[in-house]
Structure formats: structure tokens, C-alpha cells
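To start, the structure itself, in C-alpha cells.
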Amino acid sequence: MNDAVTTFTKLLIAIGLLAAAGSYAAAFIDLRRHNRLAGLRSRALIRDFHPVLFGVGLAAIAIALLSPLDALAGVRFSAHMVQHLAVTLVVPPLLLLGTPAWLLEPWFRSSRAVSVGRFLTRPLAAYALFNVPFTLVHLPALYELMLRNTAAHLLSHGVFLLTALLLWWPVLGPLPALSWVA
């Protein structure tokens, strides 16, 4: 891969991780500023482990995509698979367990968003949405494309992360209103 493209891609990932951490922290700071943090804690809507798990999830993304593991993944198939496993099996549970429901509720105020969310997190739909792209990307022609094209590689990681969040949601999702059994 081109060194300039790789550096730019890693910069974008780092900016995205910092933006996610900053947004998460801003939400907690806003609660504290408006004296709502204690009320949410007393009703067990915020736990002390939420920020820790979310932070560990972001750190796991950084390790998978920004550390020397990323360079090794272009050379060793085993490192590439460790990267994919981190993005699909480690990061999503940590992010979901680290996200309190109140943080996502504004995104799901409309009945349409709830309907779409319920459909996408049904176990069979989430399973298909995760496994179809994950399988396709590992076909030899697409796998070779991922090795040669930084944008395609980055896109595949984004798709893996988003679809893995959907896959894990029925088990660990913070919003019961989106539960497929509701």
C-alpha cells in the first residue's frame, strides 16, 4: 500500500476515535453540568463501568487498526485475521456494554428509526447482514483487492464493525425498545 495513503487513512481513523471519545465525554460533562448524572446513577441508568468499557473498546480499535498489527496484517494472514476478530468479536461487545441507553435514545425518537432498528437487530437479519459481507470479502479476488486498496480495506473494516454491532445488539444492546421481541 502507498505510504501516504496509509498515513492518511490512519489519521482519519485516529480522528474518528478521538471524535467518538470526545462526544462520549461531552455527553457525560453535559449531564454533570445540568446535575442529572446523580439521578441517572441512582436509577442505575449509568454505571461506573460504562465509560471504562467504551474506552477499552476504542482502545481495541486503535490497537487493531493503528498499531504495528495493521502493518503486519498486510504481510501475515494470521495478523489480518486477528485484526478482523478484534473488529468483530472484541470491539462491538465493549462498545455496546459501554454505551448507556440514555445516550442513544435521542437517535430513536421516531417510530421509523425504531422500526428500522428492530428489523436490523432481529437475529436472522443481523446474522445475514454480518455474515454475507464477511464471507464475500474473504473470496480470493476481493481479499486481494483489500490488500492492494487502502480505501477498500478501510471500508471492509467499517462494514465489519457496523454489522458486528447489529449482530451483537440482540444480546448486549443498550436499548430495550429496539429489542426484536418487543
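Derivation of every value follows stated rules applied to the coordinates shown; laboratory data play no part. Keep in mind that what you see is a predicted model, and the values were worked out from it rather than measured. Please note: Cβ atoms are built from the backbone with ideal geometry, for glycine as well, and neighbour counts cover all protein chains shown.
About the Cα centre of the range 3-131, how large is the charge dipole given +1 on each Lys and Arg Cβ and -1 on each Asp and Glu Cβ? Please answer in debye to the nearest 20.
560
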Take the Cα coordinates of the range 94-182, assign each an equal point scatterer, and use the Debye formula without solvent to give log10 I(q)/I(0) at q = 0.16, 0.18, 0.26 Å⁻¹.
-0.69, -0.81, -1.23
Got a sec? How would His153, His138, His80, His34 order by Cβ neighbour count within 10 Å, fewest to most?
His34, His138, His80, His153
Once you treat every alpha carbon in the chain as an equal point and sum by Debye, what is log10 I(q)/I(0) at q = 0.10, 0.14 Å⁻¹?
-0.45, -0.85
The range 29-104: which trypsin sites (Lys or Arg not before Pro) are DSSP loop and have at most 11 other beta-carbon atoms within 10 angstrom?
Arg43
Cα gyration tensor shape of the range 53-92, rounded if a/c is under 1.5, else prolate or oblate by comparing a/b with b/c
oblate
Counting pairs of alpha carbon atoms under 8 Å apart in space and at least six apart in sequence, what relative contact order in percent does the range 1-142 give?
22
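Test of the criteria: in the range 77-181, which trypsin sites (Lys or Arg not before Pro) are in a DSSP loop and have at most 13 other Cβ atoms within 10 angstrom of their Cβ?
Hits after loop and neighbour filter: Arg109.
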Run the simple label-point estimate for Arg148 and Ser23 please: 7 Å along Cα→C-beta, distance reported in nm.
3.4
Environment charge of Gly158, counting only residues whose C-beta is closer than 15 Å and scoring Lys/Arg +1, Asp/Glu -1
0
Using 0.36 nm times the number of residues separating Ala79 and Leu66, minus their current alpha carbon distance, what extension gain do you get?
3.4 nm
Roughly how many whole Å is it from the C-alpha centroid of the range 1-36 to that of the range 110-182?
21
